[in-house]
Amino acid sequence: MNYYPININFQNQDIYLEIVKLPDSIFEGPFMQISINKYLQNSNIEIGKISFDQYKKYVDSFNCSNNIAGFIYHPSRCGSTLMCRLLNQLDKVRVVSEPRILPQLIIKTFHSKNNLAVNPEILKTLIAGLMITKNPTLKSGFIKLNSWSIELLPLISLIYKEIPWVYICRNPIEILVSNLKNPSKKNKLRTKEPQLLAKLFELSVSTILDMPMEEFHSLFLKRNMKVASDELSTGNNNGLVVNYSKIKSEFYSKILPHFSINANSTESEKISNTGKLYSKSNNPVLFKEDSREKRAEADKYLIDLVDSHKLDKAFSVIQQSLNY
């Protein structure tokens, strides 16, 4: 059991964190926050409050920054949860899937300073805090950020210059259809933080709130691919672009070598079995490939949006990155 941050607050010149004591099992589910919510509902655990300086001393005492093995970025509905589930079958690996504290840092920074320039020292401490463990067998930690937190990619790459990262891409039509059928957290972000999005996209708040859902998701996808493409174009050789359709087939040949990790025969069997299942379910449900069906569901309006935003071109460009 260790203390992990679940929220951050800026109060005048002071910074405070809300922390809870959690078991390592909290990282086994497909999404960290869902696991935390369930754990708190079933446990009589109080949420503590601590200054950032106090928490930094706690984190530094573990010297856990060396456990960071990689970062995973994605545009949502693209197989990122599958990749996390496969990595989690490795005995010495921890995968932190979409920790809420990182997008919270972006939001609270905006509220405090009216800009999106996150403090590097705070970000580094929060990331290191997610790696805390007293389990000596855990050697490699991965963090999968939620889709819009890709805004942190340039800063994370600057802080962790030698740490590899992956960007997962997928056909834009398939992503948009998936998001429209099963709305993602970006929809809540638009409702709760329209001023932040107006700043991010350089649009008015009314434009953000009034645009059709299809347009909103197209705008987000365009931004997501641009951030990844811009970082790759800087000559950052630590990034690997992975197509959704090749996550399983190239898991051993490209993804694991990119992170300098191997899998033994027992782990490989678990990876094979996990790859057959629906990754977002805690129950063993067989996965059914539906990419073709998703493309067939797209109406003319959505297809025209993809064309007007040049999403197919952006998708093509990013696939060519690093000769992938």
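The simple spin-label model puts a point 7 Å past each Cα toward its Cβ; for ASP230 and SER43 those points are separated by 3.9 nm. For the stretch 63-323, averaging the sequence separation of C-alpha pairs within contact (under 8 Å, six or more residues apart) and dividing by the residue count gives a relative contact order of 28 percent.
Counting neighbouring beta carbons within 10 Å and listing from fewest to most, the residues PHE52, PHE71 come out as PHE52, PHE71.
Helix content alone sets the calculated 222 nm mean residue ellipticity of the chain: runs of n ≥ 4 DSSP H residues at -39500 (n - 2.57) each, divided across all residues, give -13000 deg cm²/dmol.
Here each label is just a point 7 Å from Cα along the line to Cβ, and for GLU202 and LYS113 those points are 2.0 nm apart. Computed extension length for ASN187-ASP53: 44.9 nm, one decimal, from 0.36 nm per residue of separation with the Cα-Cα distance subtracted. When you filter the GluC sites (Glu not before Pro) in the stretch 186-266 for DSSP loop state and at most 10 other Cβ atoms inside 10 Å of their Cβ, you are left with GLU202.
Put the Cα centre of the stretch 265-314 next to the Cα centre of the stretch 215-242 and the gap is 19 Å.
Using +1 at the C-beta of Lys and Arg and -1 at the C-beta of Asp and Glu, which of VAL306, ILE19, LEU126 has the Cα lying farthest in the positive direction of the dipole of the chain? Of VAL306, ILE19, LEU126, it is ILE19.
Its alpha carbons considered, the chain gives a radius of gyration followed by a Dmax of 19.4, 57 Å. Distance between the modelled labels on ASP60 and LYS288, one decimal in nanometres: 5.5 nm (7 Å Cα→Cβ projection). In summary, the lysines within cross-link reach of LYS254, defined as a Cα separation below 22 angstrom excluding same-chain residues under 8 places away, comprise LYS92, LYS139, LYS144, LYS161, LYS246, LYS270, LYS276. Each of TYR278, TYR4 was scored by other Cβ atoms within 10 Å of its Cβ. Arranged with the fewest first, they read TYR278, TYR4. In loop segments of the stretch 242-324 as defined by DSSP, the trypsin sites (Lys or Arg not before Pro) with at most 12 further C-beta atoms inside 10 Å of their C-beta are LYS276, LYS288.
Shown for the chain are the DSSP H helices of 27 Å or more along their axis, judged by Cα atoms, with a mean Kyte-Doolittle hydropathy of at least -1.0: 213-233.
Read the figures in this text as sums done on the coordinates, not as results from a lab. Keep in mind that what you see is a predicted model, and the values were worked out from it rather than measured. As a convention, Cβ positions derive from the backbone with ideal geometry for all residues, glycine included, and neighbour counts pool all protein chains shown.
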